[in-house]
Amino acid sequence: MVITGAVNVLVEIKLEFRMEEMMKRMKKLALAALCLIMAMAFLACKGSGDTTGSGKIKIYFIPNNLGNPYFDALSSGFEQAIAELGADKFEYYYVGPASAGATDQIEYIEAAVQNKAFAIFLAANSEDALNATLDDARKAGVRLYIINQDIPGSESHRDAAIMPVDFGTIGDAQIELMGGYINYEGEIAILSATTSAPDQNTWIEGMKKALANPKYAKMKLVDVVYGDDQPEKSTTEMEALLNKYPDLRGVICPTTVGIAAATKVVQTRKVADKVKVTGLGLPSEMKQYVEDGTSPGFQLWDPPKEGYLAVYMCWEEKNGSFKPAPGASFNAGKYGSITIRSNGWVMALEEPKTFDNTNLADFVY
Ligand code: RAM
């Protein structure tokens, strides 16, 4: 019996041992399952921007307004970079308001955030009216970039700004260009876009400062008018300038919409020998006017390059170690490495180009 008893005791010890072993293994399994669940939960809550779940990068370009060929040219740069990197890796949205009012873009920014955009590239219609909306977008994990300009005084509300050129050069460049066309003498006016446009206001201030240079003492700025970047209003404002200032020698239009409309008015009224129109124009729109002598020439930069850089910034952040901050560099494809300046600017070009009948054939946008 002793043997039997001993056997029972042995069997009991063995059973207890097995139970203990099983408990240990079950605890390990439970811990592993918990870790797995936590990891999955973490991945599911990862910051926004992975959007569709297929890992595609959702990019939004919101221009001042739709219907402007200038922004179509800029958008073509997004499309070119996306084609280079693989269209299946992106979802690209080029959306915006019909008019460039200070708050007209809010609903488009909010919709992009709802749609879990990875990044929004915004050509802002106001330097401060959108700040609360920009903050909300960034709190939701969306990269918020300004493109084609900056938002002076509100730089803390954006991650970086893709600049077509150093805006500090535009005022001097445009006054010197006009001075050359009118022999540095006579009445001039400015036909701008909307009164709230940050880029326009920066350039107008720059032109007024440039006019203080004694070199331009015989040039007199008689008026600044606003065409809202609408062809019709720009045409009406140009007609009014010519009627109000019979001695007007030149009109500077720092907007591709304004310069095209104003040049058309000069062509129709056959006053190109008397009134010189220049400013910032789109080569594809201005070619006809330079070729027929209505416009002596104009300036601009490279809008498609801005869109191209935008896509590579997103690609480098999503797939590399790039984070948008002053001093950070990223590979920008055919443009090589680009570094964000200390003021948060990603510069597409350093200064504007002048287009006239010596070089227009080289540009297709
Ligand atoms: C118009 C718009 C745009 C500006 C160009 C030069 O297309 O005002 O914002 O960058 O002109």
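The values are calculated or read from the model by the stated rules, or taken from the named source; none is laboratory data. What you see is a predicted model; the values in this text were computed from it and never measured. Note that each Cβ is placed from the backbone with ideal geometry, even for glycine, and that neighbours are counted across all protein chains shown. The accessibility values were calculated without ligands, DNA or RNA, using every heavy atom of the protein model including side chains. Shrake-Rupley method; radii C 1.70, N 1.55, O 1.52, S 1.80 Å.
The number of residues in region 243-265 being open to solvent by less than 20 Å² (accessible area, probe 1.4 Å) and more than 17 Å from Asn68 (Cβ to Cβ) comes to 5. The set of residues from region 305-316 being within 15 Å of the ligand (Cβ to nearest atom) and open to solvent by 20 Å² or more (accessible area, probe 1.4 Å) comprises just one member, Lys305. When the test is whether a residue is touching a residue at least 60 places away in the same chain (Cβ under 8 Å) and away from the ligand (no atom under 16 Å from the Cβ), Glu84 passes it. Restricting Ile82, Ile109 to residues that are touching a Ser or Thr at 6+ places or on another chain (Cβ under 7 Å), of a type outside the set (Phe, Trp, Tyr), part of a helix (DSSP H, G or I) and at pLDDT 95 or above narrows the list to Ile109.
A search for C-beta distances below 9 Å between a residue of region 299-318 that is under 14 Å from Ile340 (Cα atoms) and in a helix (DSSP H, G or I) and any residue that is open to solvent by 10 Å² or more (accessible area, probe 1.4 Å) and of a type in the set (A, V, I, L, M), counting only pairs 6+ apart in sequence or on different chains, returns Leu309/Ile338; Tyr312/Leu85; Tyr312/Ile338; Met313/Ile338. The numbered conditions (1) touching a residue at least 24 places away in the same chain (Cβ under 8 Å); (2) within 30 Å of Arg143 (Cβ to Cβ); (3) open to solvent by less than 70 Å² (accessible area, probe 1.4 Å); (4) not hydroxyl-bearing (Ser, Thr, Tyr) are all true for Gly336 except (1).
Just one residue in the set Lys233, Lys215, Lys208 is free of Cβ contacts under 8 Å to residues at least 12 places away in the same chain and open to solvent by 60 Å² or more (accessible area, probe 1.4 Å); that residue is Lys233.
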